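Single-structure report; data block below.
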Amino acid sequence: MIQSLNKAGDADPLIRPKTIEDQISATLRLSISNLKARLSVTDRADPEFVQSETLVHLVRHGRRTSNQTLISLVLPVLLNRCETNLLVKVPDGQIPEAASLREEILGAFSELFASDGVGDAPVELDFYECKFNRAFRFFRIDMVRRETARLKPIAQTPEQDLDGEPDAYEDVFARVSETFQASATQENEVFRSELMDAIQGLPPEERDAVILVHVVGYKEESDDPDEETAATRCNCTGRTIRNRLTRAAAKLVRFKEAL
Amino acid sequence: MTPTVTAGPPGLREALYALSIAKDIPDATLLDEMVRRYPQFGTELTEHAIAIAIDAFRGDSAVVAAEAARDPFAPSPAVSRAMSRFQNRLHSVSKSQIAPETKSLSIPSEAFNPFISLSREEFRSFAKRLNVNSVFVGKLRDRQIDPDYLTPGFQRRVADDLRAPLDLVVAHFAAAQTAGARGQFFKADGRPTNGGRQSFEEAVRSSGLSEAQQAALLAL
């Protein structure tokens, strides 16, 4: 019987995917040497690959049962995966002191396991037993954003009111939406990367308007006062959103014909 | 640079996790739902949804490829240090969980004892890997050997065989001697003493080890 998760959302408690439940049950029955053999599989497509959600459970199980051998075997493997993720997602050069930040994220993540069951967030790891990659993404993004904010306090600059014609840039944003919806392939990887760099290089308010309207899918504004829009999400007027989009499009126009 | 895990107002972290794990890229419907659920965090949820969308755009193919190419049992220095942080945090959590009245009766120990959580089977396995007997391992566990006589090579070997971070093992040996590992098993007639520490060579010579075992240890 696998320990159930405690973390309850407002609506429903968290539930592990069936495949994860099955894999946890199977791996808990393995000897240490057989588990080690399974952990040596690194190809995610291999049916023998042990999912990170399962690794989280095994480490927590080790903590609950004081099984230091299990912890010492599994936790470094999980941390190795996390470090690999961080090396790709927080590369050197993206922000100052990237290496230190990666190490800080990895260390802070390892401490979640030591604090499991105690403190302010005793069941935080429940999220990681359900959707590890997405939960770790939050953990990473959270720490990167706060470090970025610390290094570069946002300077508020007055926004220009433009009279340009937003429709003139529709093609640019159609390209942005298409690219976000298409899955990454080797062929479009370079284009995606360049477009992403350009979007990330936009002033924050312009970048947010582009993402909210053309990726998340909000209208710029609405006559319905109850409808959420990019304008309500950003606490500004629809005109301001359109101005931001116009300025952003002017900077992204070179991507219109590409792909 | 010391960013720490977001504390924030109660519930914020849970709200952001809930948004993050719901979909690969949040859409307007999901974000609206989350803001309805956590209206006090509307701004934070919106900012985080934007950050997730940007992050997801780059995809995970590079991560998958890098992960497949990496030896899962070859921890980098960063992973080793993260393991160390885990052990240190575990130690402080364990200490804080000891009831005050129990604390006052116990002999204070300055470091986490990596032997204390070993089962009987693990204890024997460790002895086998180190090629020693349980008497000698008991001396290691109970800090009966003067740390000044322990060579770096020997401590490294113990850390490897224990599969524990080196600095944790070094800290264990350097810490004050205790009355023994509570909850551990003792094969000898009497419990370990709190007497003076032996030199490494004395400990090796007086543990009933074979000549070959003694020679191997003293060569480390």
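The values are calculated or read from the model by the stated rules, or taken from the named source; none is laboratory data. Just so we're clear, the structure is a prediction, and the values are computed from it rather than from any experiment. Counting neighbours? That spans all protein chains shown, and the Cβs are built from the backbone with ideal geometry, glycine included. Accessible surface areas use protein heavy atoms only, side chains included; no ligands, DNA or RNA. Shrake-Rupley method; radii C 1.70, N 1.55, O 1.52, S 1.80 Å.
Values computed for the structure shown
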{"item": "Subset of the range A:189-202 [surrounded by fewer than 16 Cβ atoms within 10 Å (Cβ to Cβ) and either among the polar types (S, T, N, Q) or modelled with pLDDT of 85 or more (or both)]", "result": "A:S193, A:Q200, A:G201"}
{"item": "Total residues in the range A:46-70, condition within 9 Å of chain B (Cβ to nearest Cβ), without any contact (Cβ under 8 Å) to a residue 40 or more places away in the chain and in a helix (DSSP H, G or I)", "result": "2"}
{"item": "Qualifying residues in the range B:156-169 (those that are open to solvent by 10 Å² or more (accessible area, probe 1.4 Å), under 18 Å from B:R124 (Cα atoms) and in a helix (DSSP H, G or I)) - the one nearest to the other protein chains (Cβ to nearest Cβ)", "result": "B:L162"}
{"item": "Count - residues of the range B:75-92 that are at pLDDT below 90 and surrounded by fewer than 17 Cβ atoms within 10 Å (Cβ to Cβ)", "result": "1"}
{"item": "Subset of the range A:8-57 (residues that are of a type in the set (D, E, K, R), within 21 Å of the chain's Cα centre (by Cα) and under 25 Å from A:G117 (Cβ atoms))", "result": "A:R16, A:E53"}
{"item": "Residue tally, condition of a type outside the set (S, T, N, Q) and open to solvent by 10 Å² or more (accessible area, probe 1.4 Å), over the range B:139-149", "result": "6"}
{"item": "Unmet requirement for A:D43, which otherwise passes all of (1) surrounded by 14 or more Cβ atoms within 10 Å (Cβ to Cβ); (2) over 23 Å from B:D161 (Cα atoms); (3) within 9 Å of chain B (Cβ to nearest Cβ)", "result": "(1)"}
{"item": "Residue tally, condition assigned to a helix (DSSP H, G or I) and either in contact with a strand residue (DSSP E or B) (Cβ under 7 Å, 6 or more places away or on another chain) or surrounded by fewer than 16 Cβ atoms within 10 Å (Cβ to Cβ) (or both), over the range A:207-249", "result": "1"}
{"item": "Hits in the range B:25-34 (condition: facing chain A (nearest Cβ under 7 Å) and either open to solvent by less than 10 Å² (accessible area, probe 1.4 Å) or acidic (D, E) (or both))", "result": "B:P26, B:D27, B:L31, B:D32"}
{"item": "Candidates A:A121, A:A98, A:A149 - the one that is without any contact (Cβ under 8 Å) to a residue 12 or more places away in the chain, more than 7 Å from chain B (Cβ to nearest Cβ) and open to solvent by less than 50 Å² (accessible area, probe 1.4 Å)", "result": "A:A98"}
{"item": "Residue match in the range A:68-75 (condition: at pLDDT below 95 and loosely packed, with under 13 Cβ neighbours inside 10 Å)", "result": "no"}
{"item": "Some residue of the range B:112-124 being over 23 Å from B:L90 (Cα atoms) and at pLDDT below 85", "result": "yes"}
{"item": "Condition check for A:E129: in a helix (DSSP H, G or I) and within 7 Å of chain B (Cβ to nearest Cβ)", "result": "no"}
